[in-house]
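Engineer: First, the structure itself, so that you have it in front of you.
The values are calculated or read from the model by the stated rules, or taken from the named source; none is laboratory data. These numbers were taken from a predicted model, which means no experiment stands behind them. All Cβ positions, glycine included, derive from the backbone under ideal geometry; neighbour counts span all protein chains shown.
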Amino acid sequence: MCGAAWTVGSWTTLAEHLVERAATSDDRHVMWLNRNVTKHQTDADALAVLLERAAAGDEPAAERVKR
């Protein structure tokens, strides 16, 4: 990903960073989110849950952009 420092297991911190970068239309962050977690705009709380699920390999394929 972007190399941002975050505490392992702190999905909320990572989600807040990603939402902040997406709000500025940072294309690298938005593309990563679209391809790996969700293609839908979401808030940091919901994104933290999705990140944890994605890391566990338990996210629905319909949430992501197909490559």
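Engineer: Name the residue that is modelled with the highest pLDDT, counting only residues in region 18-33 that are surrounded by fewer than 18 Cβ atoms within 10 Å (Cβ to Cβ) and within 9 Å of the chain's Cα centre (by Cα).
Structural biologist: The residue in question is V30.
Engineer: Still on this model: Report, ordered by the first and then the second residue, all pairs with beta carbons closer than 7 Å, sequence separation of six or more or different chains, a first member in region 23-39 that is among the charged types (D, E, K, R), and a second member that is in a loop (DSSP other than H, G, I, E, B).
Structural biologist: Once the first residue is among the charged types (D, E, K, R) and sits in region 23-39, its partners that are in a loop (DSSP other than H, G, I, E, B) give R28/C2; R35/R64; R35/V65; R35/R67; K39/R64; K39/V65.
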